[in-house]
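Structure, as structure tokens:
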Amino acid sequence: PLIQADAFRHNCQVEFDLQSVMNILADEGSIRQLLFNMVRNALEAMPAGGVVRIRTQDCGNKAVLFIADEGIGIPSDLTDKLGIPFFTTKENGIGLGLAICYQIVQRHNATIAVDSKPKQGTSFAVTFAAAETGTVKEVIK
């Protein structure tokens with residue numbers, strides 16, 4: 001609901017393509033925070049009428065979460081600075097949203113990759129390893 005409310009406020013849309021993926025070991029609250037921060041960034045990077053796409057996919061023995069926007073893109077000389085606390089490209093940003101996302105990804109032994117093209121948008125891929133069956137009660141699909 002928070003994501004949909006943000007999209008409405010920015011006059012944008014959020015599209016979901018959520019495929020069934022393998023089990024991963026994850027903290028539900030942290031993954032919610034990851035999604036919220038990344039989608040909010042995507043919404044803020046786009047002009048009105050843009051679309052954020054959230055997709056999941058199985059890739060071998062990994063589950064991948066994709067979040068893509070139709071925003072202005074991130075200059076290539078800045079992409080390696082993403083995730084550094086207090087680094088921001090936003091006029092009123094404080095630089096903690098993506099830093100928190102990168103910490104969440106690290107705590108989950110996952111990886112995050114970014115692909116950005118000027119005036120075409122940015123796509124993030126968060127890749128999680130499959131859970132070993134029966135190891136932890138907190139397995140989330």
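The values are calculated or read from the model by the stated rules, or taken from the named source; none is laboratory data. Keep in mind that this is a model prediction, so the values were computed, not measured. Every residue, glycine among them, receives a Cβ derived from its backbone with ideal geometry; neighbour counts consider all protein chains shown. Remember, those area values only see protein heavy atoms, side chains included, never the ligands or the DNA or RNA. Shrake-Rupley method; radii C 1.70, N 1.55, O 1.52, S 1.80 Å.
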**Message:** With θ taken as phi - 60° and the coefficients 6.51, -1.76 and 1.60, list the Karplus ³J(HN,Hα) couplings across the stretch 81-91 in order, rounded to whole Hz; mark glycine and proline as x.
**Reply:** 8, 4, x, 7, x, 6, 8, 8, 10, 8, 4
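If you take every residue apart from Arg53 with its C-beta less than 14 Å away from the C-beta of Arg53, what net charge results, scoring Lys and Arg +1 and Asp and Glu -1?
Every neighbour counted, the sum reads -4.
Extension gain Gln120-Glu15, at 0.36 nm per residue separation less the Cα-Cα distance, in nm? Mind showing how you got there, number by number?
Details: separation 105, 0.36 × 105 = 37.80 nm, distance 1.71 nm.
Result for the pair: 36.1 nm of gain on full extension.
Using a 10 angstrom Cβ neighbour count of at most 10 plus a DSSP loop assignment to flag exposed GluC sites (Glu not before Pro), which longest range of the chain is free of such sites? Kindly include the intermediate steps, with their values, before the conclusion.
Numbers: sites that count: Glu91, Glu132, Glu138.
Maximal segment without exposed cleavage sites: 1-90.
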**Message:** For q values of 0.14, 0.15 Å⁻¹, compute log₁₀ I(q)/I(0) with the Debye formula on a Cα-only model of the chain, without solvent.
**Reply:** -0.65, -0.75
**Inter-label distance, nm, simple model (7 Å from Cα along the C-beta direction), Cys59/Asp80** = 2.1
**Asked** Using +1 on the beta carbon of Lys and Arg, -1 on that of Asp and Glu, and nothing else charged, what's the dipole of the chain about the Cα centre, debye to 20?
**Response** 60
**Item:** Computed accessible area, Ile3, all protein chains, 1.4 angstrom probe, square angstrom
**Value:** 40
**Asked** Roughly how many Å² is the accessible area per residue of the chain, as a whole number, for a 1.4 Å probe?
**Response** 61
**Prompt:** Which net charge results for the neighbourhood of Ala99, defined as the other residues with beta-carbon distances under 15 angstrom from its beta-carbon, given Lys and Arg at +1 and Asp and Glu at -1?
**Reply:** +3
**Fill in**
In whole percent, the fraction of accessible protein surface over the stretch 9-141 that belongs to carbon or sulfur atoms, probe radius 1.4 Å, stands at 52
**Message:** If you average the C-alpha positions of the stretch 82-107 and of the stretch 112-126 separately, how far apart do those two centres end up, in angstrom?
**Reply:** 15
**Request:** Please give the contour-minus-distance gain from Lys90 to Phe36: 0.36 nm per residue of separation, less the Cα-Cα distance, rounded to one decimal in nm.
**Result:** 17.7 nm
